[in-house]
Amino acid sequence: MAHHRVLIVAKPGPLRHGLRALLSSMPHVEIMGVAAHGKAALRAMAQGRPAMVLMDCGLSREGFLPLLKQIKATWPKVQCLVLVDSTEQQREAQAAKADTVLLKGVPAARLSEAMEKLLTRADQLEREATAGGAATDTAANQQLHSDARKGQG
């Protein structure tokens, strides 16, 4: 599996500490940053796109939904896993295009499994983007060569 950068968006406390510990146990994961609120998360995102964002619904200030919507609108291929307190928040996060939504208190093994699935999905999206770019470049080059031959004839 490829090396993945992950951003944690959670206020200081046991949840953030636990997410850090879980991610640190995954050798193919680099914690690229930890943000306590939306502005810090967006600054971190702009400095280097992560493969995945782990987000706590209990963000102070502006809340998690506007941040989630902005991340998905600006960086749609970034995988977002949101930890929520209620089924209502779960529905809201799903409507805001979170890739995975889990209720807080989920066993670490289930959370780890969900993260691995999202990181695999990030790999697939990256390969598709690379292959799509290569296919587009090849088609453009073929068109240029075809146009050049027509111009010579």
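Checked against (1) in contact with a Gly (Cβ under 7 Å, 6 or more places away or on another chain); (2) at pLDDT 95 or above; (3) not hydroxyl-bearing (Ser, Thr, Tyr), residue 68 passes all but a single condition, namely (1). Reported count of residues in region 34-64, each being surrounded by fewer than 22 Cβ atoms within 10 Å (Cβ to Cβ), in a helix (DSSP H, G or I) and out of contact with any Pro (no Cβ under 9 Å at 6 or more places or on another chain), is 6.
Residue check, residue 67 against (1) crowded, with 20+ Cβ neighbours inside 10 Å; (2) assigned to a helix (DSSP H, G or I); (3) in contact (Cβ under 8 Å) with a residue 60 or more places away in the chain, all met but one. Which one? Status for residue 67: all satisfied but (3). Within region 77-113, the residues that satisfy the criterion of being outside any helix (DSSP H, G or I) and of a type in the set (D, E, K, R) are 77, 85, 97, 99, 104.
Looking only at region 14-31, residues that are over 17 Å from residue 113 (Cα atoms) and buried (at least 16 other Cβ atoms within 10 Å of the Cβ) come to 3 in all.
The values are calculated or read from the model by the stated rules, or taken from the named source; none is laboratory data. Quick caveat, the model's predicted, so the values are computed rather than measured. Glycine also receives a Cβ, built like all others from the backbone with ideal geometry; neighbour counts cover every protein chain displayed.
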